[in-house]
Each structure stands twice: as C-alpha cells, then as structure tokens.
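Shown next, in structure tokens, is the structure this report addresses.
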Amino acid sequence: MPNMADGFLWYLAFLFSVVLHEASHALAAMKLGDQTAYHGGQVTLDPLPHIKREPFGTVVMPILSFLAGGWMIGWASAPYDPVWARTYPQRSALMALAGPLSNFLVVVAVGVVIHIGIAMGLFYAPDSINFTHIVASRQEGMLVGVATLLSIMFSLNVLLFIFNLIPLPPLDGSGAIPLLVSREKAGAYMDFIHSRHFSFIGIFIAWKVFEFIFDPIHLLFINLLYPGAGYQ
C-alpha cells in the first residue's frame, strides 16, 4: 500500500501545481479582456474555487491514482468565453500559454531552492535519481520530507509543462497555434478543434506520444539542474 505521508506530499505538490496552472490561465484571460474566469472565482491560488469547479479531477482522481499506482494524475479547469477566443485568437493563444509557463517558472524556482539548500549544506545531488528523488537531504527528519516535496514539485511541473505544450486539443499547445497563423486561419482552426470527439482523440494520442518523450526531457531538465552530473 502506498505510503500516506508520501501521498500527502504528492497532493500538496499536485494541488498547488494544477491550481497555479489554471489561475495563470484565468489571470491572463482577465488581463487580455475575458472576465469569465475572474467572475467564476478562478483568478486565485485558493484551491477551493478550483476544487468546487472540478471536484473529481482535483480530489477523487488524484487519490484514486495514488492508491492504485503510487503517483497522482488529475485536472482542473478555468472557464473562458469562446466568443472572445474566436474574436481574439492571438489573445486566446497567450492565455493558453500562461498555464505551461507557470509550471516552467515553478521548475526554475524549485531549482533555485535546491541549489540554495545545497549551498547551505542541507541537500545534495543523489547518486541515482527518479521522479520523486531529485534531491536528497543530508539530515534525517523534516528535511527528508522537504527534499521529497521539492523533487515531486520539480518533476511534476516538468511533466505539466511538457505535456500541456503538445499541440493536440484540448491541450494548451493546441491553443497556442493561432500565434503562428493569420487571424482568418486562426478562426477556422479554432472552429475545427473545438470538438469533444476530436479532444478525446487528442488526449489519447498525446498520452501515447508522451510515454516516449517525457523520460528523455525529464532527464535533460535534471542534467540542467546539475550541470556536469551526467545522469543517464
């Protein structure tokens, strides 16, 4: 049975990362002219409005996936006005990119914290790494949990950053395509991708592709975190 202490750390990392992702979408939309998520209470890091909107994706699914496999998967969502998105496809594309960008910034911030901890003699780069063991504590006790939380935060946000940039609907990478085409083509493209059936197919294909690309990209991020370490 999965360790419940690890489950608590997983859920902290999962909830913060997913809420930040969706709050970033909501904030970007608000700044760019769509108040839908703002009025829905999503422009916040308070997890409660996000949980109320997607209770299955933010509570039930993460717990079930952890109990089944020792890791968490789930989702949240921020509402937006499709008419606004169709009218301003480039603005909608910037909104789509705001979520993955927030996860990338978390990866950078966690990397800075890890290096501060190493400089203070609290942490070190372990001999072998995995998803939940990116950094290790030199002391027993609370710092072991902190190292595990930092490791999960680093890996999970790499995952969210990369997965959401896959250019297949309904992922954010698909929503960013209007930045690369004319406004007229962007509108036609958005009409095409806003199909529930197409979105289901997109998620299925993206997950299959992700199985092949995540490990090497995750390893690349770790080797950037520890230049010269040569993890394989």
| request: Filter the chymotrypsin sites (Phe, Trp or Tyr not before Pro) in the range 40-139 down to the DSSP loop ones having no more than 14 other Cβ atoms within 10 Å, then list what survives. | output: TRP75
| request: Order the following by accessible area, largest value first: ASP172, ASP46, ASP215. Probe radius 1.4 Å; ligands, DNA and RNA are ignored. | output: ASP215, ASP46, ASP172
| remark: Order by accessible surface, 1.4 Å probe, largest leading, for residues GLU54, GLU22 comes to GLU54, GLU22
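Which whole DSSP H helices in the chain pass both tests: a Cα extent of 18 Å or more along the axis and a mean Kyte-Doolittle value no lower than 0.0? Kindly include the intermediate steps, with their values, before the conclusion.
Values: long enough: 4-31 (40 Å, 1.03); 89-119 (45 Å, 1.51); 142-164 (33 Å, 2.12); 196-225 (39 Å, 1.29).
Within the chain the helices that satisfy the rule are 4-31, 89-119, 142-164, 196-225.
Probe radius 1.4 Å, ligands and nucleic acids ignored: give me the carbon and sulfur share of the accessible area of the range 97-201 as a rounded percent. Display every interim value, and only then the final one.
Working: 3660 of 5340 Å².
Looking at the range 97-201 in its full context, I get 69 percent from C and S.
Just check the range 70-192 against the gyration tensor rule for me: Cα atoms, a ≥ b ≥ c as the square roots of the eigenvalues, rounded for a/c under 1.5, and otherwise prolate or oblate depending on whether a/b exceeds b/c.
Working: a/c = 3.51, a/b = 3.01, b/c = 1.16.
Prolate, since a/c reaches 1.5 and a/b exceeds b/c.
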| Heavy atoms of LEU32: accessible area, 1.4 Å probe, square angstrom to 10 | 50 Å²
| remark: Highest GNM mean-square fluctuation among MET153, MET95, MET142, for the chain with Cα springs under 10 Å, belongs to MET142
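For TYR38, TYR231, TYR189, give me the order by solvent-accessible area with a 1.4 Å probe, most accessible first, ignoring ligands, DNA and RNA. Numbers along the way, then the final one.
Values: TYR38 115, TYR231 30, TYR189 50 Å².
Descending accessible area places them as TYR38, TYR189, TYR231.
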| message | With a 1.4 Å probe and all protein chains left in place, how much accessible area per residue does the chain have, in Å²? | response | 52 Å²
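Could you calculate, for the chain, the ratio of the Cα radius of gyration to the Kirkwood radius, expressed as Rg to Rh? Please report the intermediate quantities before stating the final value.
Numbers: Rg = 18.7 Å, Rh = 18.7 Å.
That ratio equals 1.00.
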| task | Would you calculate, for the chain, the mean residue ellipticity at 222 nm contributed by helices, counting each DSSP H stretch of 4 or more residues as -39,500 (n - 2.57) and dividing by all residues, to the nearest 500? | result | -21500 deg cm²/dmol
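The values are calculated or read from the model by the stated rules, or taken from the named source; none is laboratory data. On a predicted model such as this, the values are computed, not experimentally measured, just so you know. For neighbour counting, all protein chains shown are included, and Cβ atoms are generated from backbone atoms with ideal geometry for every residue, glycine included. Please note that ligands, DNA and RNA were not included when accessible areas were found on the heavy atoms of the full protein model with its side chains. Shrake-Rupley method; radii C 1.70, N 1.55, O 1.52, S 1.80 Å.
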